[in-house]
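Reviewing the structure listed below.
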Amino acid sequence: MMLLNGKANELSKYSKLKYDAEKFVRKVKQVWEYSDLQIRCVYLISDLAKKGNGVFSIAYSTFQAMFEQRFKMKISLSSVRRFFSLMNKLGLLSVHKAKRKNEQQSANIYIIEQQCQEPTQVENEEHPVEQASEHQNSISKEIQNGEQKPLSKEYVNSDNVQQEKIINDAYIEFKKQGVDKDLFNRVLSEMKNKAGIRNFKAYLHKALTNVVNHMNLKRGTKVFKNNKLSSFYEILMN
C-alpha cells in the first residue's frame, strides 16, 4: 500500500486508534524485553506519533540524528532498521511506503497498531488502577513546529532513567539464573516497601542473589548463608 506523505494533520487520517503515548509505551513493554538503546527508541517513537494521532513519517537517517541529539548516545542505521523491523514483527506498528504530493518516493509512514486498553468498569472495581507515576508522565514531550523537542538533561540523566536501566539489566542477568518475571517483580515490590535504601543497584543485586541462593538451597546445590533477610526470602519463595 502506498500512502501519501504529508503534515501531521494529513497523516492522522490513517490513524487506527485514539493514540495515547503512555498507553503505547506500556503495551510495548508488555511484549518484549528491550535493551537500553531500544527502550530509548520506544520513547522517541512515542513522541513522534503524538502529532499525527499514532501516525508519523520519518527517514531512518533522520531518526538516527534525532535519537543521538536527544539521548547523547550513538546508534547505527542498521540498529534503527532492525528496531523498526522488530516493532513491525511484534505487531506494535505497521510500516507503509510513502510518496510525496509530486509522486516521488518519500520516507516510510509508520502507523501505531497497539496500545494498552482501558480496563472495563468491573475490572476497575476489582483491580484499582494505580496513578501514573511522575516518570511515566515525563516520558513524552510535545513536538512543536514540526520539530522534535529534545528531552531536558534533567530527564535524560534522571534517577528514574538510571533505575529503569538497572532493573532491566538485573532482570536479564538473573533470568539466566532461574528468576522468573513474577518472582523478580515480587522482589521489586518488597523493595518499594522498604525505606532508606541508599544504593538501589547494590540492594537489588544483593536481594536477587539471596533469592538465587535460596532457590539453590531448596535444590540442594548451594548452602544458603543466614542473614537478616532470610525470612524475607522464605516468604518470597513460598
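Checking each residue of segment 82-103 against the condition of being closer than 22 Å to ASN168 by Cβ, open to solvent by 40 Å² or more (accessible area, probe 1.4 Å) and either over 18 Å from the mean Cα position of the chain (by Cα) or touching a residue at least 40 places away in the same chain (Cβ under 8 Å) (or both) gives at least one match.
In segment 7-43, the residue that is nearest to the chain's Cα centre (by Cα) out of those that are farther than 17 Å from PHE84 by Cα and in a loop (DSSP other than H, G, I, E, B) is ASP20.
In the list LYS201, LYS165, LYS153, which residue meets the criterion of being within 18 Å of ASP36 (Cα to Cα) and modelled with pLDDT of 80 or more? Please lay out each step first, then the result.
Numbers: LYS165 fails: modelled with pLDDT of 80 or more; LYS153 fails: modelled with pLDDT of 80 or more.
Exactly one of LYS201, LYS165, LYS153 is within 18 Å of ASP36 (Cα to Cα) and modelled with pLDDT of 80 or more, namely LYS201.
Limited to segment 21-80, what total is found for residues that are farther than 25 Å from CYS116 by Cα and not acidic (Asp, Glu)?
Taking segment 21-80 first, the residues farther than 25 Å from CYS116 by Cα are 59-62, 64-66, 68-79.
Still in the running and not acidic (Asp, Glu): 59-62, 64-66, 69-79.
The qualifying residues number 18.
Given the condition of a type in the set (Lys, Arg), modelled with pLDDT under 80 and within 23 Å of LYS29 (Cβ to Cβ), answer yes or no: does some residue in segment 178-192 qualify?
Applying the first criterion (of a type in the set (Lys, Arg)) to segment 178-192 yields 181, 186, 192.
Retained after the next criterion (residues that are modelled with pLDDT under 80): 192.
Filter again for within 23 Å of LYS29 (Cβ to Cβ), leaving 192.
Yes.
Can you say whether SER46 is among the small types (Gly, Ala, Ser), touching a residue at least 12 places away in the same chain (Cβ under 8 Å), surrounded by fewer than 16 Cβ atoms within 10 Å (Cβ to Cβ) and part of a helix (DSSP H, G or I), as far as the supplied structure shows? When the stated conditions are applied, SER46 does not pass them. Applying the criterion of being in a helix (DSSP H, G or I) and of a type in the set (S, T, N, Q) to the residues of segment 49-64, the residue that is surrounded by the fewest Cβ atoms within 10 Å (Cβ to Cβ) is SER61.
So, in segment 163-208, exactly how many residues are of a type in the set (Val, Ile, Thr), assigned to a helix (DSSP H, G or I) and surrounded by 13 or more Cβ atoms within 10 Å (Cβ to Cβ)? The total comes to 3.
The values are calculated or read from the model by the stated rules, or taken from the named source; none is laboratory data. Predicted model only: the values in this text are computed from it and were never measured. Every residue, glycine among them, receives a Cβ derived from its backbone with ideal geometry; neighbour counts consider all protein chains shown. When the accessible area is computed, the model is the full protein with side chains, heavy atoms only, and any ligands, DNA or RNA have been set aside. Shrake-Rupley method; radii C 1.70, N 1.55, O 1.52, S 1.80 Å.
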